[in-house]
Amino acid sequence: MHPGPRNLITDVPGLRVGNAQDDALKSGVTVLTADAPFTTSVHVMGGAPGTRETDLLAPDKSVTAIDALVLSGGSAFGLDACSGVVAGLHAAGRGFTVGSARVPLVPGAILFDLLNGGVKDWSDNPYPALGRAALAAAGEDFEIGTAGAGTGALTAMLKGGLGSASLVLEDGHTVGALVAANPQGAVTTPGERHFYAAPFEIDGEFGGLGTDPATGLGRELKSRKAQAFTAGANTTVAIVATSARLSKSECQRMAIAAHDGIGRACVPAHSPMDGDLVFAVSQGERAGNLPLIGHAASLCLARAIARAVYAARPAPGDLLPCWQDVNG
């Protein structure tokens, strides 16, 4: 296995990603879409999720494909980013047809970034406009780090961010991950130099420093983030995708397997105070090896989380340092 040409989820053919953010707000939105509806499911393992229209992604529900997925900051306010995406898709003639009506189907998930130092005194919810702008910006290339839904993200000890990674399998299929990393847990070992995901790094994609030579159980649950504001404002929300043809139930198994990537990259993971969630997308016509696809998805997600933190950049009013600041 090796990364695709962009090392982004858009190495899966047909997928496009767009970001929109407000630097003063310290928040933003990321949208994944394609030219045609795609098969999707979801699995939630965090104790505090914030979601929209995820029930329809269960294998027993009648919807077979959706038009876009949204990752957003803003907590419950950010769920309205989906409305902006729905409006943009409807204007473009997209949507599930019911008689003369067309209804774009746009599930979404949010992270909490309301106490990250940004300006939050809006009179009108900014997230519908950010959602529509992110949809309009969707393309094969996009920024990671302090961008889109990762703009205001924080980990336990450092700034979080938006990350992505991909792998091309021996059978020719591609697997990719996209993540907004805002976990309660730490992404780096004590000292903030080495990443927990280091064993899975490829070609120095997040610094090439290797694994931490220290051994043991690692840090006690220390958190600059909790000291900065609150211990309950967390979440890692992600999308994994493959070029293989999967059913909704197989997509759900892919999402379940991909959660291992969160556990490999964040310590602790899947806590009662995180909303950890993974969407899984199938965008292809040729069958693939589901166990291998799930394994590759978990590797991509672990790498994407580390890449999100590695690529984060400083901004005025930050509450936590960037990895680059600490390890300059």
| message | Once R0 is set to 22 Å, what does the formula 1/(1 + (r/R0)^6) return for the Cβ-Cβ distance between Trp122 and Ala315, expressed as a FRET efficiency to the nearest 0.05? | response | 0.75
| What's the FRET efficiency of Asp35 with Thr215 using the Cβ-Cβ distance as r and R₀ = 35 Å, to the nearest 0.05? | 0.10
| segment 10-116: C-alpha pair distances exceeding 18 Å, % | 51 percent
| query | Which residue, Gly74, Gly284, Gly163, has the most motion in a Gaussian network model of the chain that connects Cα atoms within less than 10 Å? | reply | Gly284
| Total lysine pairs whose alpha carbons fall under 19 Å of each other in segment 9-325 (8 or more apart, or interchain) | 8
| What nm distance separates the two modelled labels at Arg102 and Arg245, each placed 7 Å from Cα along Cα→Cβ? | 2.6 nm
| remark: The rounded separation in angstrom of the Cα centers of segment 49-103 and segment 1-33 is 18 Å
| P(r), alpha carbons of segment 92-151 - 10 Å bins starting at zero, rounded % | 15, 41, 29, 13, 2
| message | Quick check: at a probe of 1.4 Å, how many percent of the accessible area of the chain sits on carbon and sulfur atoms? | response | 53 percent
| Largest to smallest principal axis extent of the C-alpha atoms in the chain, angstrom | 60, 52, 32
| query | Top mean-square fluctuation among Asp171, Asp141, Asp80, Gaussian network model of the chain, C-alpha springs under 10 Å? | reply | Asp171
| said: So, taking all protein chains as they sit and a 1.4 Å probe, how much accessible area belongs to Thr188, in Å² rounded to tens? | reply: 0 Å²
| query | Which FRET efficiency value, to the nearest 0.05, is calculated for Asp55 and Asp203 with the Förster distance at 51 angstrom and r the Cβ-Cβ distance? | reply | 0.80
| note | With the label point 7 Å along the Cα-to-beta-carbon line of Ala136 and a cut-off under 11 Å to each amide N, the hits in segment 84-119 are 88
| task | Give the long-range amide H neighbours of Thr236: residues separated by 5 or more places, or on another chain, with amide H under 5 Å away, using H modelled in the peptide plane at 1.01 Å from N. | result | Asn182, Gly275, Asp276, Leu277
| request: State in Å² the accessible area per residue of segment 82-127; use a 1.4 Å probe, count heavy atoms of protein chains only, and round to the nearest integer. | output: 46 Å²
| field | Span from the segment 245-288 Cα centroid across to the segment 135-202 one, whole angstrom | value | 14 Å
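The values are calculated or read from the model by the stated rules, or taken from the named source; none is laboratory data. None of these values were measured; they are calculated from a predicted model. Cβ coordinates were reconstructed from backbone atoms using ideal geometry, including for glycine residues, and neighbour counts include every protein chain displayed. Side chains are part of the model used for accessible areas, which takes the heavy atoms of the whole protein and leaves out ligands, DNA and RNA. Shrake-Rupley method; radii C 1.70, N 1.55, O 1.52, S 1.80 Å.
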